[in-house]
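Asker: Please read through the structure below; I'll follow up with questions.
The values are calculated or read from the model by the stated rules, or taken from the named source; none is laboratory data. Values in this document were obtained by computation on a predicted structure and should not be read as measured data. Because the Cβ atoms are built from the backbone with ideal geometry, glycine has one as well, and the counts that use them run over all protein chains shown. The protein model used for the area step is the full one, side chains on, heavy atoms only, and it has no ligands, DNA or RNA in it. Shrake-Rupley method; radii C 1.70, N 1.55, O 1.52, S 1.80 Å.
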Amino acid sequence: MNTKNLLLLVAVVLLFATTACNQGKKQKNEARPNIIYIMTDDHAYQAISSYNGTLNQTPNIDRIADEGVIFTRSFVTNSICAPSRAVMLTGKFSHINGHRDNTQVFDGSQVTFPKLLQAAGYQTAMIGKWHLESDPTGFDYWNILPGQGDYYNPDFIEMGNKSRVEGYVTNLITDFSLKWLENRNKEKPFCLLLHHKAPHRCWMPDTAYLDMYNDVKFPLPANFYDTYEGREAAASQKMHMKNFCPVNDLKMLDKEGEIQGPLRKFFESQINRMNPAQRAAWDKAYQPEIDYYKKANLQGNALLEWSYQRYLEDYLRCIASVDDNIGRVLDYLEESGLAENTLVVYTSDQGFYLGEHGWFDKRFMYEESFRTPLLMKLPSKIKKGKIDKLVQNIDFAPTFLELAGVEIPADIQGKSLVPLIEGKNTPDWRKSIYYHYYEYPGPHAVKRHYGIRTDRYKLIHFYNNINKWELYDLTQDTLEINNLYGVEGYEEITKSLFDQLVNLQTQYNDTTAVDVHLN
Ligand SMILES: [Ca+2]
């Protein structure tokens, strides 16, 4: 072979090798699923029709359940906004990731799943509510609301630059997300965190939905008039609907200023962000309500039940916008051919009370705020169905990493949900979950507590400036009003749960709580 032919052969071999290599890369990237992790703020599972059809309909969130899986026992580790976000980013409990309550600043130098995905070649983005105070890390692109964010004409911080944007927050977060998806580097798999502000207090609906549910009367929860007998921590909270600020929570902003409340100034700052058309639509919808409120002068239970209806109307109107916008994302995935190999996750940073125990807000280890909705679809991989295993938001990070083919760091405390969503037999799956809430003293005066939940039982210890235990048999007392702690006949199960609780505290290295004793 002469030199010329040899060079030609080398060139052909190189060309072939490069093409094969590129194809290999392309195949590898095509095989790795994209991830769209949608999270709302304070969305109760009771307000998703896949979980409960009695309050509202969420046809687009239901599409995720219909095409994938719905987790019926999905929980958080600490039912409060920012700490929950830190848990889901790190796969670690609050005492390990350091973010125990809403007053802290997230340490963005620690390992998070977006950083690991980014290092593995994923294109990463965080759009919407962040709430961790420090700037996002591990994202190629971020565009976040400052702090809690605003519903109308909100400010956004795009890669460090703040500006005000005209529109309704849930629509805008989706607009920015679809724009990012459209303009992304299409050679790479992507991971998008699409995190809504809604339906967080003060529940301001979009103008399109201000009249929705006007003719609906929502049923009162069975424990609406809970008296908290035998439950001292539940009795001493300040998140009862009788604590609603009439202006902020019930939207009774009268022009005369006769209706006052501790959050009137805050609510004025929210409504003053509206443009004239938005404000006109708002006043048209709420003025009759304000007139009624002033004229009727409701008292006692009549006021409470009217407040409950008002609260649910606005809360569920906010969710109607969330659901519409999830539909936009799902439609985009279908139209762009991405649906088959994109994991779509829907969850909330925690659950919420919709009048159960007479409450709004979250924090407690009782079911409505301890649980959080969780639905996933990934047609290329996920089997359809219901999953009733005990899962927690520490499990999200390892799940995303495993699906992306990225090694799960040994110190992540959650477990990948991949075996569950693939429909594998998992007899060794965890039989109990651990919870620890810290924000006391704090808003709504919910005392510090930790506890364990199994399939059937829940044992909670309220501590700090109180020392009380609670025990529930969830098969007989779904309303959690009958504290069985100290009741004759429950000694053995209490001791067994206590031992399991100490084991979990040891396993998860929660040393602040490990030295506990039954009393
Ligand atoms: Ca929240």
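Asker: Taking the alpha-carbon distance from Lys186 and a cut-off under 19 Å, which aspartates and glutamates remain once sequence neighbours fewer than 8 residues away in the same chain are dropped?
Answerer: Within reach: Glu30, Asp140, Asp175, Asp331, Glu334, Glu335, Glu340.
Asker: Starting with the highest mean, order 457-466, 339-348 by the number of other Cβ atoms within 10 Å, averaged over the residues of each peptide. Each step should come with its number before you reach the end.
Answerer: Values: 457-466: 19.7, 339-348: 22.4.
So the order, starting with the most tightly packed, is 339-348, 457-466.
Asker: A further question on this structure: Is the shape of the stretch 312-412 best called rounded, prolate or oblate, per the rule: a/c under 1.5 gives rounded, else a/b larger than b/c gives prolate, else oblate, with a ≥ b ≥ c the square roots of the Cα gyration tensor eigenvalues?
Answerer: On the way: a/c = 2.56, a/b = 1.28, b/c = 2.00.
Because a/c hits 1.5 or more and a/b fails to exceed b/c, the stretch 312-412 counts as oblate.
Asker: Could you check the simple spin-label distance between Arg273 and Asn161, using points 7 Å along Cα→Cβ, in nm with one decimal?
Answerer: 2.1 nm
Asker: Taking 0.36 nm per residue of separation and subtracting the Cα-Cα distance, what length does fully extending Asn52 through Asn297 add?
Answerer: Details: separation 245, 0.36 × 245 = 88.20 nm, distance 3.34 nm.
That works out to 84.9 nm of additional length.
Asker: Same structure, new question: Taking a point 7 angstrom from the Cα of Ile466 along the C-beta vector, which residues in the stretch 225-269 have backbone N less than 20 Å away?
Answerer: So the set is 225-244.
Asker: If r is the Cβ-Cβ distance from Lys188 to Glu488 and R0 is 60 Å, what FRET efficiency results, to the nearest 0.05?
Answerer: On the way: r = 63 Å, r/R0 = 1.04.
It comes out at approximately 0.45.
Asker: Calculate one ³J(HN,Hα) per residue across the stretch 116-132 by plugging θ = phi - 60° into the Karplus curve 6.51 cos²θ - 1.76 cosθ + 1.60, and present them in order as whole Hz with x for glycine and proline.
Answerer: Going residue by residue, I get 5, 5, 4, 5, 8, x, 7, 8, 10, 8, 10, 10, x, 7, 10, 6, 9 Hz, with x marking Gly and Pro.
Asker: Also, I was wondering about something else. Highest mean first, how do 263-275, 67-79 rank when packing is the count of other Cβ atoms within 10 Å averaged over residues? Working shown, then result.
Answerer: Numbers: 263-275: 14.9, 67-79: 23.2.
Most protected by this proxy first, the peptides run 67-79, 263-275.
Asker: Over what distance in Å are the Cα centres of the stretch 318-365 and the stretch 475-501 separated?
Answerer: Computed from Cα coordinates, the inter-centre distance equals 33 Å.
Asker: So what does Met239 come to for accessible area, using a 1.4 Å probe and Å² rounded to 10?
Answerer: Solvent-accessible area, nearest 10 Å²: 0 Å².
Asker: A follow-up question, please. Ordered by packing density, taken as the mean number of other Cβ atoms within 10 Å over each peptide's residues, highest first, how do 184-190, 325-331 rank?
Answerer: Details: 184-190: 15.7, 325-331: 19.7.
The packing order, highest mean first, is 325-331, 184-190.
Asker: Please state the charge dipole magnitude for the chain, taken about the Cα centre, from unit charges on C-beta atoms (+1 on K and R, -1 on D and E), reported in debye and rounded to the nearest 20. Walk me through the numbers before you get to the answer.
Answerer: Details: 56 positive and 65 negative charges, 257 e Å.
Value, rounded to 20: 1240 debye.
Asker: Separate question: Thr103 to Lys495: extension gain in nm, 0.36 nm per residue of separation minus the Cα-Cα distance?
Answerer: Numbers: separation 392, 0.36 × 392 = 141.12 nm, distance 3.52 nm.
Answer, rounded to one decimal: 137.6 nm.
Asker: Another one. Please compare each pair in Lys381/Lys415; Lys217/Lys458; Lys255/Lys295; Lys242/Lys295; Lys377/Lys431 to a cut-off of 21 Å on the Cα-Cα distance and tell me which ones are over it. Show your work: numbers first, answer last.
Answerer: Values: Lys381/Lys415 18 Å; Lys217/Lys458 33 Å; Lys255/Lys295 15 Å; Lys242/Lys295 19 Å; Lys377/Lys431 25 Å.
From Lys381/Lys415; Lys217/Lys458; Lys255/Lys295; Lys242/Lys295; Lys377/Lys431, over 21 Å: Lys217/Lys458; Lys377/Lys431.
Asker: In whole angstrom, how far apart do the alpha carbon centroids of the stretch 368-443 and the stretch 37-98 sit?
Answerer: Using only Cα atoms to place each centre, the spacing works out to 11 Å.
Asker: Here is a follow-up. When only alpha-carbon atoms count, how far does the stretch 206-283 stretch along each of its three principal axes, as whole angstroms with the largest first?
Answerer: Dimensions of the stretch 206-283 along the principal axes of its Cα atoms: 51, 29, 19 Å.
Asker: Right, another one. For the chain, give me the percentage of DSSP beta bridges that are antiparallel, rounded to the nearest 5 percent. Write out the running numbers ahead of the final one.
Answerer: Values: 32 of 60 bridges.
Counting only bridges with both partners in the chain, antiparallel ones make up about 55 percent.
Asker: How far, in nm, would the chain grow between Ala120 and Gln287 when pulled straight, counting 0.36 nm per residue and subtracting the alpha carbon separation? Intermediate results must be reported in sequence, preceding the final value.
Answerer: On the way: separation 167, 0.36 × 167 = 60.12 nm, distance 5.45 nm.
Extra length available between Ala120 and Gln287 comes to 54.7 nm.
Asker: Given labels modelled 7 Å from the Cα in the Cβ direction, how far is it in nm from Glu402 to Val502?
Answerer: Using points 7 Å along Cα→Cβ, the separation is 3.1 nm.
Asker: Next up: Calculate for the chain the 222 nm mean residue ellipticity that helices alone would give, adding -39,500 (n - 2.57) per DSSP H run of length 4 or more and normalising by residue count, nearest 500 deg cm²/dmol.
Answerer: -10500 deg cm²/dmol
Asker: Once a ≥ b ≥ c are taken as the square roots of the eigenvalues of the Cα gyration tensor of the stretch 200-343, is the result rounded (a/c under 1.5), prolate (a/b larger than b/c) or oblate (a/b not larger than b/c)? Walk me through the intermediate numbers first.
Answerer: On the way: a/c = 2.19, a/b = 1.34, b/c = 1.63.
It comes out oblate by the Cα gyration axes.
Asker: Which Cα, out of Trp142, Tyr450, Ser432, lies furthest along the positive dipole direction of the chain (beta carbon charges, K/R +1, D/E -1)?
Answerer: My answer, from the dipole projection, is Trp142.
Asker: Using the Kirkwood radius built from alpha carbon pairs, what does the Stokes-Einstein equation give as D for the chain at 25 °C and 0.890 mPa s, in µm² per second?
Answerer: Numbers: Rh = 24.4 Å.
D, rounded to a whole number, is 100 µm²/s.
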